[in-house]
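Peer 1: I am attaching a structure below and will ask some questions about it afterwards.
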Amino acid sequence: MNKQEIQIKIAKAVEIVKESKPLAGSITNSVTINFVANAQLAVGGTAAMVYLPDEGETLAKLGGAMYINVGTLLPIYEDTLPHTAKVLFENQKPWVLDPVAIGIGSLRTKVLEQFKPYKPSVIRGNASEIIALAGLWNLEGGTDTSTVHGVDSTVSVRTAKSAAVALASWTGGAVAVSGEMDLITDGSTVAVSYGGSEMMTAITGSGCSLGGVMAVYASVADPFIAALSGASVYNLAGMRAEQHTDGTGSFQIAFIDELYKASAQDISMNEFTLEEV
């Protein structure tokens, strides 16, 4: 696809979401549940948050897509997360994985290892998390999880390019590396999305909610377009929100407003470039 074709697909995905309000359920961390749900609603989706294995299975079958975030694990997630991923895979439902804080704790590592055969449609994380996940799954460009420190990346977005391409090639989906810019690839095409705001790093949940929004778009579009649409609306909303706020509290409110107000045309025209794999 060339840039114009991609822009047309992004605009179409945004329009369909706003018209159809697809359900994209989430199993996400307790710190950001509210932000994830409100961001999904703001772009036009429908949100539902669950914890239990049977509810995860029900939502996996019922929704158009699903978002799974391993940020703050509860003991029951040892059953809920792999079971839900398995149901999604078996029912050919798109799902987004956020491998938050990969490398912290044995349960997190065990769950993330179990996800590999269930091939998430989109994987979204910072550069350190993407590199560590590729390492955990024994893919090119990966390294061991000891390089990850909490939820913050210790390397630049472009450092994770080869790991992102390898992960996308394995899953047959897309990978989005978030940071100073956003790198999105399906293993054969690489897009880099620009914009955003430094304030996004000073509020809790900007990355998690991005994964939830990508799941909304994955309900109606292929993984690459879904991931790039999510990155585009976030970068656009971040830039716009920063222009009329002077602190992180008001920024968070303005950011949700800008997600809601962004048009399909505006989102599709947010700056991105294409580059070789």
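The values are calculated or read from the model by the stated rules, or taken from the named source; none is laboratory data. Bear in mind that the values here come from a model prediction, so they are computed numbers and not experimental data. So basically every Cβ, Gly included, is an ideal-geometry build from the backbone, and we count neighbours across all protein chains shown.
Peer 1: Return the residue satisfying two criteria in turn: it lies in segment 168-225 and is surrounded by fewer than 20 Cβ atoms within 10 Å (Cβ to Cβ) and of a type in the set (D, E, K, R), and of such residues it is nearest to Glu275 (Cα to Cα).
Peer 2: Out of the qualifying residues, it is Glu180.
Peer 1: Does at least one position in segment 122-143 carry a residue that is under 19 Å from the mean Cα position of the chain (by Cα), in a loop (DSSP other than H, G, I, E, B) and under 22 Å from Leu228 (Cα atoms)?
Peer 2: Taking every residue of segment 122-143 in turn, none turns out to be under 19 Å from the mean Cα position of the chain (by Cα), in a loop (DSSP other than H, G, I, E, B) and under 22 Å from Leu228 (Cα atoms).
Peer 1: Additional query: Return the residues of segment 181-232 that are part of a loop (DSSP other than H, G, I, E, B), of a type outside the set (Phe, Trp, Tyr) and under 26 Å from Gly249 (Cα atoms); say none if nothing qualifies.
Peer 2: Those that are part of a loop (DSSP other than H, G, I, E, B), of a type outside the set (Phe, Trp, Tyr) and under 26 Å from Gly249 (Cα atoms): Met181, Gly195, Gly196, Ser197, Ile203, Thr204, Gly205.
Peer 1: Sticking with this structure for a sec: Among what's in segment 246-262 and is within 17 Å of Val17 (Cβ to Cβ) and touching a residue at least 24 places away in the same chain (Cβ under 8 Å), pick the residue that is surrounded by the most Cβ atoms within 10 Å (Cβ to Cβ).
Peer 2: Leu259
Peer 1: Mind checking which residues of segment 69-85 are touching a helix residue (DSSP H, G or I) at 6+ places or on another chain (Cβ under 6 Å) and either closer than 19 Å to Leu167 by Cα or of a type in the set (Phe, Trp, Tyr) (or both)?
Peer 2: Result: Asn69, Val70, Pro82, Ala85.
Peer 1: Can you say whether Ala60 is within 30 Å of Ala11 (Cβ to Cβ), crowded, with 24+ Cβ neighbours inside 10 Å and either touching a Lys or Arg at 6+ places or on another chain (Cβ under 8 Å) or in contact (Cβ under 8 Å) with a residue 12 or more places away in the chain (or both), as far as the supplied structure shows?
Peer 2: On the way: within 30 Å of Ala11 (Cβ to Cβ): yes; crowded, with 24+ Cβ neighbours inside 10 Å: yes; either touching a Lys or Arg at 6+ places or on another chain (Cβ under 8 Å) or in contact (Cβ under 8 Å) with a residue 12 or more places away in the chain (or both): yes.
So Ala60 fits the description; yes.
Peer 1: Among what's in segment 67-101 and is within 19 Å of the chain's Cα centre (by Cα), of a type in the set (S, T, N, Q) and surrounded by fewer than 23 Cβ atoms within 10 Å (Cβ to Cβ), pick the residue that is modelled with the highest pLDDT.
Peer 2: Within segment 67-101, the match that is modelled with the highest pLDDT is Gln92.
Peer 1: Only one residue in Ala39, Ala65 is under 25 Å from Phe224 (Cα atoms), among the small types (Gly, Ala, Ser) and out of contact with any Lys or Arg (no Cβ under 8 Å at 6 or more places or on another chain). Which one?
Peer 2: Ala39
Peer 1: Under 7 Å by Cβ, and 6 or more places apart or on different chains, what pairs join a residue from segment 11-32 that is in a loop (DSSP other than H, G, I, E, B) with one that is hydrophobic (A, V, I, L, M, F, W, C) and buried (at least 17 other Cβ atoms within 10 Å of the Cβ)?
Peer 2: The qualifying pairs are Pro22/Val216; Pro22/Val220; Thr28/Val36; Thr28/Met49; Thr28/Cys208; Asn29/Val100; Asn29/Cys208; Thr32/Cys208.
Peer 1: Any residue at all in segment 226-235 that is closer than 22 Å to Asn69 by Cβ, in contact with a helix residue (DSSP H, G or I) (Cβ under 8 Å, 6 or more places away or on another chain), surrounded by fewer than 24 Cβ atoms within 10 Å (Cβ to Cβ) and touching a residue at least 40 places away in the same chain (Cβ under 8 Å)? Quick ask: steps written out before the conclusion?
Peer 2: Start the filter on segment 226-235 by keeping residues that are closer than 22 Å to Asn69 by Cβ, which leaves 226-235.
Now drop any that are not in contact with a helix residue (DSSP H, G or I) (Cβ under 8 Å, 6 or more places away or on another chain), which leaves 226-234.
Then keep just the ones that are surrounded by fewer than 24 Cβ atoms within 10 Å (Cβ to Cβ); that gives none.
Checked against the condition, which is being closer than 22 Å to Asn69 by Cβ, in contact with a helix residue (DSSP H, G or I) (Cβ under 8 Å, 6 or more places away or on another chain), surrounded by fewer than 24 Cβ atoms within 10 Å (Cβ to Cβ) and touching a residue at least 40 places away in the same chain (Cβ under 8 Å), segment 226-235 yields no hits at all.
Peer 1: Give the residues of segment 10-37 that are surrounded by 19 or more Cβ atoms within 10 Å (Cβ to Cβ) and not hydrophobic (A, V, I, L, M, F, W, C), sorted by residue number.
Peer 2: Scanning segment 10-37 gives Pro22, Gly25, Ser26, Thr28, Asn29, Thr32.
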